[in-house]
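The values are calculated or read from the model by the stated rules, or taken from the named source; none is laboratory data. Just so it is clear, the structure is predicted and the values come from calculations on it, not from any experiment. Here Cβ is always computed from backbone atoms with ideal geometry, including for glycine, and neighbour counts include all displayed protein chains. Side chains are part of the model used for accessible areas, which takes the heavy atoms of the whole protein and leaves out ligands, DNA and RNA. Shrake-Rupley method; radii C 1.70, N 1.55, O 1.52, S 1.80 Å.
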Amino acid sequence: MTEPMREDELEATLRDIGGHLDYPRPVAMASAVNARLRAPRRRAWRFALAPALATVATLALAITLALPDARAAAQEFLHLRGIDIFPVPSIPATLPPPKITFPGERMTLAEARARIRFVPVLPSDPDLGAPDDVYVETIGTSDRLTLVYRQRSGIPISPEAGVAAVVVEVRGTVDENLLLGKATSPGTTVDPVNVSGARGYWIEGAPHLFFYRDANGNATQDTMRLAGNTLVWERGDVTLRLEAHVSKDQALRLGASFR
Amino acid sequence: MEGRPTEDASLVERAKHGDEHAYAELVTRYQALAARTAYVITGSDEEAEDAAQEGFVKAYYALDRFRPGAPFRPWLLRIVANEAINRRKAAGRRPTVGLSVVEDRPSGDTALSPEGAALASERRTLVLDALRKMKEEDRLVIAYRYFFDLSEAEMADALGVARGTVKSRLSRALGRLRALMDEVPRND
């Protein structure tokens, strides 16, 4: 091999290698992947419950939105920029690990601050305090910050998720048509609330899908991680969603502490 | 290759709403390509399979953020490739990977003369040695183009770069491949 290969020879050789590579034998992964998705320590709840929950959520929102007051509230809701908090059903425990995974890369809060392209809003209420886990996910030009609170006194741990509360912060807008077209469930109620001066919504009855437009205007669907009550509100240019199995008063108190 | 975009879109939509059979179908459809992509990076069957599997799990949880109408295949490959690269880096990368070829499997549809076959085999060995020493990212670009025949648009999506960047990426990778081929393979 003293002469250098011509470009076409190199390309032909590369294709030839591609045809000869000793690739892994084709493996049937579907059942293994499925098992992983169903495994109790992962997000089994999602596979098991997602279809039913999605249906329920859609019906509920449709019903809710049919009511003039709720519709107006939902429309307002739609104009929030976008943060998520998740309520959790309860069961006492000794700090179990989360049973679900969260989107994005796990990092320290300091790393998250350096990474995300908005100023995160954090709770000053000692009932929440510093998050146990912080995840940042970047989708295109949008950043999603997820704060996980594994165990907090006074907040039950979600049996499905294995954590007490989740806060999701994003920039974007909630799209009225998307929300009207898709979102709530029978038994879900949406109440306009005031979160330390900012307009917000208290959603009770386990909504499961959240539709909004990201900062680029792309329609985005998000699954609420802890089926339960949710407080959505704005703080500056950030929309927050808090999911936790807490009462409305408790949620409002926690929400008001986000600075 | 396996691309059936319209069906993919409907399977993705169903999977998003919790239809596990739909997701299983997507896994079945792309498992070989996913494992091969991971293999190009890790050079190990076992690691490739683990990375591909983990990639499918991560992709499932990321479906919420999958843009409706976007092609699924390159999006999946991006997740799988990242997973494979991260695993390899986390494990402390070795300078070379164990990519290997099956010498006795005929490739192409034209029978080569014995001399032709010998030359092809010699070239394969030379290029393969260089490929083994490349950075994962460079090897991946080359594999997408020459092993898996991805289109430029798919490559852009799979690599997470602008479409106009694909050509220069590929050309730089080929340049580095040549540089490695020029290093006389006597010291390892």
* Structure fact -> Within segment B:61-81, the residues that are facing chain A (nearest Cβ under 7 Å) and either of a type in the set (Lys, Arg) or open to solvent by less than 10 Å² (accessible area, probe 1.4 Å) (or both) are B:64, B:65, B:67
* Name the pairs: first residue in segment A:6-31 and more than 7 Å from chain B (Cβ to nearest Cβ), second residue of a type in the set (S, T, N, Q), Cβ to Cβ under 6 Å, at least 6 apart or on different chains? -> none
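Are any residues in segment B:129-140 surrounded by 22 or more Cβ atoms within 10 Å (Cβ to Cβ) and within 12 Å of chain A (Cβ to nearest Cβ), and if so, which ones? Explain how you work it out, then say what you get.
Looking only at segment B:129-140, we keep the residues that are surrounded by 22 or more Cβ atoms within 10 Å (Cβ to Cβ), and these are B:131, B:139-140.
Answer for segment B:129-140, where residues must be surrounded by 22 or more Cβ atoms within 10 Å (Cβ to Cβ) and within 12 Å of chain A (Cβ to nearest Cβ): B:131, B:139.
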* Asked: Can you find a residue in segment A:203-216 that is surrounded by fewer than 24 Cβ atoms within 10 Å (Cβ to Cβ) and at pLDDT 70 or above?
  -> yes
* Do we have any residue at all in segment B:132-155 that's assigned to a helix (DSSP H, G or I) and in contact with a Ser or Thr (Cβ under 6 Å, 6 or more places away or on another chain)? -> yes
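Considering only segment B:1-28, state which residues are more than 10 Å from chain A (Cβ to nearest Cβ) and open to solvent by 10 Å² or more (accessible area, probe 1.4 Å).
First pass over segment B:1-28, keeping only residues more than 10 Å from chain A (Cβ to nearest Cβ): B:1-13, B:22.
Answer for segment B:1-28, where residues must be more than 10 Å from chain A (Cβ to nearest Cβ) and open to solvent by 10 Å² or more (accessible area, probe 1.4 Å): B:1, B:2, B:3, B:4, B:5, B:6, B:7, B:9, B:10, B:11, B:13.
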* In segment B:29-41, the residues that are more than 7 Å from chain A (Cβ to nearest Cβ) and crowded, with 24+ Cβ neighbours inside 10 Å -> B:30, B:34, B:37, B:38, B:40, B:41
